[in-house]
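Novice: A single structure is presented below for examination.
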Amino acid sequence: MNEAREQIEFDVLFVGGGPASLAGAIHLMQLAKQNELDIDVALIEKGADIGSHALSGAVLNPIALKELIPDYRGAGCPIETDVRGDEFHFLTETGHYSLPFVPKYVRNKGFHIISQCRFVQWLATIAEDLGVNTFPGFAGKEVLFNSNGKKIIGIRTGDKGLDKDGKPKANFEPGVDILAKVTVLGEGAKGSLLREISKKLNIFSGKKPQVFEAGIKEAIQLPEKNYFSDSSGNDIHTLGYPLGLGTHGGGFIYEMGDNRVALGLIVTLGYQGPMLDLYEEFMRFKRHPFVRGITSGGRVIEQGARVIGSGGFYTIPKLAVDGAVFVGAGASMLNVPGLKGIHTSMKSGMLAAEAILEAFSKGSFTEQALAPYHDRLEASWLKKELYVGRNFPQAVSKKGLTKLFMLGVEYLTGGCILFNKMALEEDSKTMSPLKDGDLEASEKRYLRQDYDGVLLVDKLTGVYLSKTQHREDQPCHLIVHDVDLCVNECFKTYQCPCTRFCPGNVYEIEIDDNTQEKRLKLNPSNCLHCKTCEIKDPYNNITWTCPEGGDGPRYTVM
Ligand SMILES: Cc1cc2nc3c(=O)[nH]c(=O)nc-3n(C[C@H](O)[C@H](O)[C@H](O)COP(=O)(O)OP(=O)(O)OC[C@H]3O[C@@H](n4cnc5c(N)ncnc54)[C@H](O)[C@@H]3O)c2cc1C
């Protein structure tokens with residue numbers, strides 16, 4: 001489309017209103033003020049408001065927050081509760097065993113339980129008070145490069161008001177070109193702009209493939225007298241049921257304020273079974289007597305899903321290119337064994353801010369001028385923390401005793417196993433073809449009968465509870481490259497696993513009663529922006545792009 005586009009110039013543009021970008025923007029403004037430097041900073045976020053696409057557990061290790069805002073409690077940081085005690089349980093089909101010790105990675109006593117939505121909303125008010133221009137409702141749709149295609153010069157935001165065929169409607173608003181000396185990419189796990197940058201500038205070259213976990217989470221309102229009234233443990237992790245030992249993942253249960261609990265199941269997307277249904281596994285987790293004992297009398301008030309980039313240290317890309325740096329989960333800044341990415345993402349944003357300030361003092365924004373970001377990372381506690389978990393993703397990708405052995409060695413040696421940099425397989429490549437009996441086993445495994453609409457809700461009610469909205473008459477933001485492949489090859493080999501790994505019921509296969517012809521039906525307006533589909537599709541047949549800015553979930557307590 002050739003409409004004249006407005007151009008706006010800033011010194012620095014942050015893409016994404018998550019902890020990485022917000023901590024980076026705040027730190028940059030703090031440093032600029034200390035150095036009496038006038039820097040124009042903008043931040044765009046695809047959610048309608050800052051926080052409306054934020055979903056995390058979340059236990060917050062406050063180490064980075066203390067560095068950024070030393071008196072964060074005094075400054076009004078919204079903390080749900082402090083972690084009073086940790087519990088770690090192994091769930092069998094009907095029972096549970098408390099493990100005699102809590103693995104060091106999830107010893108969180110003294111940390112804080114937060115709602116990521118509220119936390120980033122609060123960070124945004126601090127950033128705005130320092131002079132950051134925040135633009136929620138603007139999705140970064142395209143990366144702008146200079147004429148030789150090597151330097152990033154800004155971001156084009158998505159058009160608004162196109163019809164399904166991409167034609168402008170009466171209320172059409174073309175996207176804006178936001179130009180900046182430095183663009184900071186903080187889109188979170190599986191960023192769609194980072195994917196384009198990676199294709200062009202090869203920033204992941206020589207790294208292990210990115211691998212992911214998917215998490216489905218609910219906030220549940222409990223009665224006033226509830227499990228946490230008498231329990232010292234309010235940070236609970238589980239292993240075992242419903243996934244068993246073949247598929248890696250586990251549950252989390254965190255006490256929130258106002259008699260609420262945050263409950264979720266994380267599943268490593270390197271799983272094999274084509275019939276595995278992520279949502280139904282979460283329901284199995286919720287039906288377990290141990291979990292029911294905690295949620296009894298409760299009501300689901302919000303639900304959502306999001307992927308986590310869990311490749312860790314050996315998947316960190318090149319962190320700076322001409323005109324841009326990469327921060328947060330998109331740049332693999334996650335403590336993988338501890339499932340903690342908020343403080344690590346914040347710290348990466350802060351280190352990037354320090355390097356950007358240095359670049360301003362040199363008046364140069366080349367890859368070389370921004371390289372101190374990498375050097376600062378190397379010298380920081382963040383590098384040490386990420387390095388300890390460097391072999392964890394490789395260990396969990398193994399099976400049975402090998403997995404247990406490798407996890408044990410890794411645990412005891414502080415991250416070493418026999419070989420560093422062992423192979424990791426892309427999540428799209430791990431699925432096994434359908435076997436005889438898989439369909440029947442899946443029918444038995446997933447009950448799908450006892451939804452009560454209150455504590456056990458079906459997928460569509462879950463979407464409703466995420467408050468997800470997309471304008472219907474817009475180009476489909478989920479690109480299925482070859483629909484015939486879905487209904488022929490993929491149906492035969494895997495029974496279209498997209499209908500099961502998508503927690504929002506975006507993908508459906510309709511079969512004509514008379515002709516038995518199959519058709520892929522897409523419901524993009526249900527999309528929770530978790531991005532599992534782009535990662536797990538066994539043919540890499542799906543590309544996730546940003547829909548119109550402001551569309552998507554409207555989380556308030558996730
Ligand atoms: C279920 C679950 C449980 C977790 N539990 C914990 C925990 O207990 N403790 C912990 O520390 N970590 C936890 N994590 C991980 C942690 O939430 C992430 O590592 C962290 O949020 C990453 O921060 P980020 O700023 O890099 O990205 P995000 O928090 O993902 O934020 C990125 C933001 O960018 C926006 N965005 C993306 N693309 C665009 C675009 N093109 N244009 C404009 N905006 C865009 C998104 O809407 C989003 O708001 C958990 C994650 C999940 C999913």
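The values are calculated or read from the model by the stated rules, or taken from the named source; none is laboratory data. Model, not experiment: these values are computed from the prediction. All Cβ positions, even for glycine, are placed from backbone atoms using ideal geometry, and neighbour counts span all protein chains on display. Heads up: the accessible areas ignore ligands, DNA and RNA and are worked out on the full protein's heavy atoms, side chains in. Shrake-Rupley method; radii C 1.70, N 1.55, O 1.52, S 1.80 Å.
Novice: Please enumerate the residues belonging to segment 11-29 that are away from the ligand (no atom under 13 Å from the Cβ), in a helix (DSSP H, G or I) and surrounded by 24 or more Cβ atoms within 10 Å (Cβ to Cβ).
Specialist: If we filter segment 11-29 for residues that are away from the ligand (no atom under 13 Å from the Cβ), which is where we start, we get 11-12, 27-29.
When the remaining residues are screened for being in a helix (DSSP H, G or I), the result is 27-29.
Within segment 11-29, HIS27, LEU28 qualify.
Novice: Within segment 132-171, count every residue that is part of a strand (DSSP E or B) and of a type outside the set (Val, Ile, Thr). So that I can check it myself, show each step before the final result.
Specialist: Taking segment 132-171 first, the residues part of a strand (DSSP E or B) are 133-136, 140-145, 152-157, 160-162, 168-171.
With the extra rule that they be of a type outside the set (Val, Ile, Thr), the set shrinks to 133, 135-136, 140-142, 144-145, 154, 156, 160-162, 168-171.
Counting residues in segment 132-171 that are part of a strand (DSSP E or B) and of a type outside the set (Val, Ile, Thr) gives 17.
Novice: From GLU80, GLU87, which residue is within 16 Å of the ligand (Cβ to nearest atom), closer than 29 Å to GLU213 by Cβ, surrounded by fewer than 20 Cβ atoms within 10 Å (Cβ to Cβ) and of a type in the set (Asp, Glu)?
Specialist: Details: GLU80 fails: surrounded by fewer than 20 Cβ atoms within 10 Å (Cβ to Cβ).
After ruling out the rest, the residue left standing is GLU87.
Novice: Return the residues of segment 307-352 that are near the ligand (Cβ under 8 Å from one of its atoms), among the small types (Gly, Ala, Ser) and assigned to a strand (DSSP E or B); say none if nothing qualifies.
Specialist: GLY309, the sole residue that qualifies.
Listed here are the residues, each with its yes/no results for (1) charged (D, E, K, R); (2) within 16 Å of the ligand (Cβ to nearest atom); (3) closer than 22 Å to CYS502 by Cβ.
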position: ALA189; (1), (2), (3): no, yes, yes
position: ILE197; (1), (2), (3): no, yes, no
position: PHE212; (1), (2), (3): no, yes, yes
position: GLY215; (1), (2), (3): no, yes, yes
position: LEU222; (1), (2), (3): no, no, no
position: ASP230; (1), (2), (3): yes, no, no
position: HIS237; (1), (2), (3): no, yes, no
position: GLY240; (1), (2), (3): no, no, no
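Novice: Going by what's in this entry, would SER361 be described as outside any loop (DSSP other than H, G, I, E, B) and under 20 Å from HIS112 (Cα atoms)? Outline the logic, then answer.
Specialist: Values: outside any loop (DSSP other than H, G, I, E, B): yes; under 20 Å from HIS112 (Cα atoms): no.
Here the answer is no, as SER361 does not meet what is asked.
Novice: Further question: Evaluate the following for LEU269: is it surrounded by 23 or more Cβ atoms within 10 Å (Cβ to Cβ), under 22 Å from GLY85 (Cα atoms) and hydrophobic (A, V, I, L, M, F, W, C)?
Specialist: Against the criterion (surrounded by 23 or more Cβ atoms within 10 Å (Cβ to Cβ), under 22 Å from GLY85 (Cα atoms) and hydrophobic (A, V, I, L, M, F, W, C)), LEU269 does not qualify.
Novice: To continue, here is another question. Quick one: which residue in ILE50, ILE39, ILE44 is touching a residue at least 40 places away in the same chain (Cβ under 8 Å), in a loop (DSSP other than H, G, I, E, B) and within 11 Å of the ligand (Cβ to nearest atom)?
Specialist: Details: ILE39 fails: within 11 Å of the ligand (Cβ to nearest atom); ILE44 fails: in a loop (DSSP other than H, G, I, E, B).
Of the residues listed, the single one that is touching a residue at least 40 places away in the same chain (Cβ under 8 Å), in a loop (DSSP other than H, G, I, E, B) and within 11 Å of the ligand (Cβ to nearest atom) is ILE50.
Novice: List pairs: first in segment 6-17 and closer than 20 Å to GLU173 by Cα, second away from the ligand (no atom under 15 Å from the Cβ) and outside any loop (DSSP other than H, G, I, E, B), Cβ under 8 Å, 6+ apart or cross-chain?
Specialist: Hits for this filter: GLN7/LEU179; ILE8/LEU179; GLU9/LEU179.
Novice: Could you check PHE228 against (1) open to solvent by 20 Å² or more (accessible area, probe 1.4 Å); (2) of a type in the set (Phe, Trp, Tyr); (3) farther than 21 Å from THR94 by Cα and say which number it fails?
Specialist: Result: PHE228 passes all but (1).
Here's the yes/no breakdown for (1) within 24 Å of VAL184 (Cα to Cα); (2) open to solvent by less than 10 Å² (accessible area, probe 1.4 Å); (3) in contact with a strand residue (DSSP E or B) (Cβ under 9 Å, 6 or more places away or on another chain); (4) not hydroxyl-bearing (Ser, Thr, Tyr):
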residue: LEU31; (1), (2), (3), (4): yes, no, no, yes
residue: LEU43; (1), (2), (3), (4): yes, yes, yes, yes
residue: GLY51; (1), (2), (3), (4): yes, yes, yes, yes
residue: SER56; (1), (2), (3), (4): yes, no, yes, no
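Novice: Looking only at segment 341-381, filter to residues that are surrounded by fewer than 24 Cβ atoms within 10 Å (Cβ to Cβ) and among the basic types (Lys, Arg); which one of those is modelled with the lowest pLDDT?
Specialist: Only one residue fits best here, namely LYS362.
Novice: Taking THR92, is it closer than 30 Å to GLY408 by Cα and either touching a residue at least 40 places away in the same chain (Cβ under 8 Å) or open to solvent by 20 Å² or more (accessible area, probe 1.4 Å) (or both)?
Specialist: Against the criterion (closer than 30 Å to GLY408 by Cα and either touching a residue at least 40 places away in the same chain (Cβ under 8 Å) or open to solvent by 20 Å² or more (accessible area, probe 1.4 Å) (or both)), THR92 qualifies.
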